[in-house]
Amino acid sequence: MCVAPPQPSPCIYQGRRDFRAPAYWEPVAPPAAPGFSPLTDTDEQEEEMDMELFLSSGILNDPDLMACEPDATRPAQPTPASSVDVVVRGHGDSFMLHQILSFLSADEVVRVQLVSRFFRTAASCDFQWHWRCEQLWSSKVYVPAQFQDRAKMRRCAAYWASLRDASRCAIREDELCSLVFHYRMKGWSGDSWTSQDPWWNGGSPGQRRFHRDGTMTSDMGDGRWRILDVPEACNRRGERGSFLRVSKGGVEFPTIVVSRHSNWGWILQNCWSFSASFPLPPRGADLELEDSGPFCQEVTVGNCPVEAMLFNLGIALPGEDRGGGRNQEITPEFIQLMIRYHSGPV
């Protein structure tokens, strides 16, 4: 059996009965305009009679009477631009296009620039790329100053240039001297070194600073530093700034290799020490930065056995000038001899 749905209760609005409004809505009639009074039931009956007379007159069927010419004195109203005209044809402001582009990835926004000149202007402007730069750099510990200066570089260019720079493993002198490096010894250095290292004893790692005059200060002793002008070291190749040497008491330690972390920070390490331009986590907190992790495994005693053995034997490293007759010339034959008799870490 079908039950008819309940009929809504009529509401009174300006003297009219309205079945469309819900029963609980009882709006208050606005005050009548001067010279007018609210409609009554009699007025409504008269309107219905007038409508019946109009429909029965046949005017709607007379083509001559219903033909309406446009009023020439009234100016034509401009047709509003559609979304297609604004977004595709470039008619109007680019605000709507910017809203659409904000949902795309950086790669997709670059490809959109090939659509038209209008798209290229919108997809390459600073408004579109400023927030992308902020989002990209928010989790990075180092972003070169030239990319952050909006007056020197447009945001689109800064975004992609900073991504390319993140893979650069050659540090400049001004960068090296502007950063504080947190360092620790590697386990391969031996107990005599790790026993004095705060990081190995549950404390915070030491700090090291490089100065423009070639000096170096650190918690474990001061010394000197220099950029090693060689194309290759520790079985790695790189441009100037890829390899460093630090010395204490006029004796240089094995070559330091420069690399980058995924957070864009700098990593400096040789076979016995590890340092980074960002705070190192406590021992055991981040296995990626431990001796068994991928970074430390890139530079080990096995990667540069010759320098490790020369240092332990008190012989000057290749390219080192100790003075006092200790900078013997290292021949290829001598290097091969030491490698042949070398077994295990030093």
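The values are calculated or read from the model by the stated rules, or taken from the named source; none is laboratory data. Quick caveat: nothing in here was measured; it's all calculated off a predicted structure. For neighbour counting, all protein chains shown are included, and Cβ atoms are generated from backbone atoms with ideal geometry for every residue, glycine included. For the accessible areas, the whole protein counts, side chains as well, though only heavy atoms, and no ligand, DNA or RNA atoms are used. Shrake-Rupley method; radii C 1.70, N 1.55, O 1.52, S 1.80 Å.
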Relative contact order for region 92-167, counting Cα pairs under 8 Å that sit 6 or more residues apart, in percent: 25 percent
field: Protein accessible area in region 92-167, 1.4 Å probe - carbon and sulfur %
entry: 57 percent
query: Gain in length, L287 to R209, computed as 0.36 nm per residue apart minus the alpha-carbon separation, to one decimal in nm?
result: 25.5 nm
- request: Please list, or write none, the lysines whose alpha carbon is within less than 21 Å of the alpha carbon of K186, excluding same-chain residues fewer than 8 places away.
  value: K248
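If each residue of separation counts as 0.36 nm, what is the full-extension length gain between L313 and H130 once their alpha-carbon separation is subtracted?
Full extension of this stretch gives 60.3 nm more.
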field: Inter-part distance where region 221-268 and region 119-183 are each reduced to a Cα centre, Å
entry: 24 Å
message: I'd like the Karplus ³J(HN,Hα) series for region 240-247: coefficients 6.51, -1.76, 1.60, θ = phi - 60°, whole numbers in Hz, and an x wherever there's a Gly or Pro.
response: 4, x, 8, 9, 10, 9, 10, 9
message: If I take R0 = 35 Å and measure r between the Cβ atoms of K140 and M96 in this structure, what FRET efficiency does the formula 1/(1 + (r/R0)^6) give, to the nearest 0.05?
response: 0.65
- prompt: Per residue, how many Å² of accessible area does region 92-167 show with a 1.4 Å probe?
  reply: 60 Å²
- prompt: So for the pair T217, A161, with labels modelled 7 Å out along Cα→Cβ, what separation do we get in nm?
  reply: 3.3 nm
task: Sort region 92-167 into rounded, prolate or oblate with this rule: let a ≥ b ≥ c be the square roots of the eigenvalues of the Cα gyration tensor; rounded if a/c is under 1.5, and if a/c is not under 1.5, prolate when a/b is larger than b/c, oblate otherwise.
output: prolate
